[in-house]
Every structure is written in C-alpha cells, then in structure tokens.
Amino acid sequence: MPEFHCRPLRSSDFDRVLWLERDLFGSGAWTYGMLADELAALGRWYIVATVDEPGTIGPDPVVGYAGLWFDGDDAQIMTIGVAKDYQRCGVGRLLLEALIAHARKLKAQAVLLEVRIDNEPALAMYRRSGFEVLAVRKRYYQPEDKDAYTMRLDLRAGSRTASEDGDAATDDGDAA
Ligand SMILES: CC(C)(COP(=O)(O)OP(=O)(O)OC[C@H]1O[C@@H](n2cnc3c(N)ncnc32)[C@H](O)[C@@H]1OP(=O)(O)O)[C@@H](O)C(=O)NCCC(=O)NCCS
C-alpha cells in the first residue's frame, strides 16, 4: 500500500484539482473561477493529499483535496474529494482528520458540512469520524435537484477521533 501525506494546496495544483472536481462531481464541479475565488476568500484552509509513489496507478502525485472555512465560531467543510483510483485507501479519512485537527487548532466550536443524502461513501466516512445528522436541506444540490443532510461534529466535548490521536499528519502552512 502506498503512503499518503497532506500539504497545503498550491496554485500549481489547480489543474489537477479541477480535473478531479470534474471527474468526481460532473456538472456540479467547481470552475477555475470558483476555485480561485474560494481560495482567495477569508478564513479558508485548503490541502491536498499526495501519494509517495506516483506512476503506480496514475502519473500525478496529488490524489485528493479538501477545504475548510472558519468563520470565527464554526468550521465548515467546503469540499473533499479523492481520485477514483485511490478511493478506499484511507485518503478521505486522512484529509478529513487533517481538517478536523485544524478546526480544533482554530478553536472552532463545531465542524459543519453538507452532503447529498444518497452519497453513501461520504456519509459513512463522516459518521465514522463522529459527525451526526442535524437536518435536511431540500434541493440543496443544483442542477441535480438533490437534498442534502447538514452534519455536525461537536468539538467542545473534547473528544478526539482515533485518527487524530494517530496518523493525521499535515503541515501548517498557508493554503494556496
Ligand atoms: C467520500 C470520499 C472522499 C471518501 O474517500 P476515500 O479515500 O475513499 O475514503 P477512505 O478510504 O478514507 O474511507 C474512510 C471511511 O469512509 C467510509 N467509506 C468510504 N468509501 C466507502 C464506500 N464506497 N462504501 C462504504 N463506506 C465507505 C468507510 O467507513 C471508510 O472507513 P473504513 O475503510 O475503515 O471502512 C470519496 O468516496 C470521494 O471522493 N467521493 C466523491 C466526492 C464526494 O462525494 N465527496 C464528498 C462530498 S460531501
């Protein structure tokens, strides 16, 4: 099994991240302008996951990406995606736990997110990391016209996930 690491997202990662966006989210994918605006916005922290052995499956070492927005109270997960060839290898969990660890460092009270109600892999991943469903947002995803669950991880309780105690590793540089 190859090893994966997190580092801040750089502008040189844009093409790869946008390619992954289109491959993973189709018509709902962010455009170049949306990604650039997002990275330039206040309170954002974006990271990528890289693989130690690029070329084994695909040529690019960037195999996943994720981002967080901290508004001074809560942290919101803005996106998370893993290249199809590298899914079910722990990359999503690595990225998610890095975001949660960063939110804790910022002293966020909670981590919030939206997820399509039929996105079983993502729902399982979030539940596994301690997120709970708060509510349903009707027709949140357009143009697919799909409902979303709002999920929340309470950070005030002081509980740490198993991964945070062990393998979540990212440096603390600025995103982008
Ligand atoms: C959701 C996503 C990021 C998960 O990434 P991943 O690298 O495959 O996830 P991991 O290998 O780290 O798995 C973490 C946990 O998620 C759950 N999980 C992941 N994929 C799953 C699947 N296909 N079926 C069931 N559970 C799954 C499991 O609980 C898993 O833990 P386990 O392997 O110990 O059982 C990935 O499927 C993805 O990029 N999907 C498309 C984009 C997307 O939907 N993003 C989320 C938007 S809200």
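Annotations
- Check on S27, within 22 Å of A122 (Cα to Cα), exposed (fewer than 12 other Cβ atoms within 10 Å of the Cβ) and among the polar types (S, T, N, Q): yes
- Pairs with Cβ under 6 Å, 6+ apart, first in region 12-28 and of a type outside the set (A, V, I, L, M), second surrounded by 14 or more Cβ atoms within 10 Å (Cβ to Cβ): D13/V48; D13/V62; R16/D60; R16/V62; E21/A29; E21/W30; R22/A29
- Count of region 63-90 residues, restricted to those that are of a type in the set (A, V, I, L, M, F, W, C), within 13 Å of the ligand (Cβ to nearest atom) and surrounded by fewer than 23 Cβ atoms within 10 Å (Cβ to Cβ), is 3.
- Filtered by the rule that a residue be small (G, A, S), within 11 Å of the ligand (Cβ to nearest atom) and buried (at least 16 other Cβ atoms within 10 Å of the Cβ), region 123-136 gives a lone residue, S129.
- For region 21-46, the set of residues classified as under 16 Å from I77 (Cβ atoms) and either within 14 Å of the ligand (Cβ to nearest atom) or touching a Cys at 6+ places or on another chain (Cβ under 7 Å) (or both) consists of E21, L24, F25, G28, W30, listed by residue number.
- Enumeration of residues in region 98-122 that are more than 8 Å from the ligand (Cβ to nearest atom), farther than 16 Å from D154 by Cβ and surrounded by 15 or more Cβ atoms within 10 Å (Cβ to Cβ): A98, H102, I117
Only the coordinates and a few stated rules stand behind these numbers; no lab work does. Note that the structure is predicted; figures quoted are calculated from it, not measured. We place every Cβ from the backbone using ideal geometry, glycine too, and count neighbours over all the protein chains shown.
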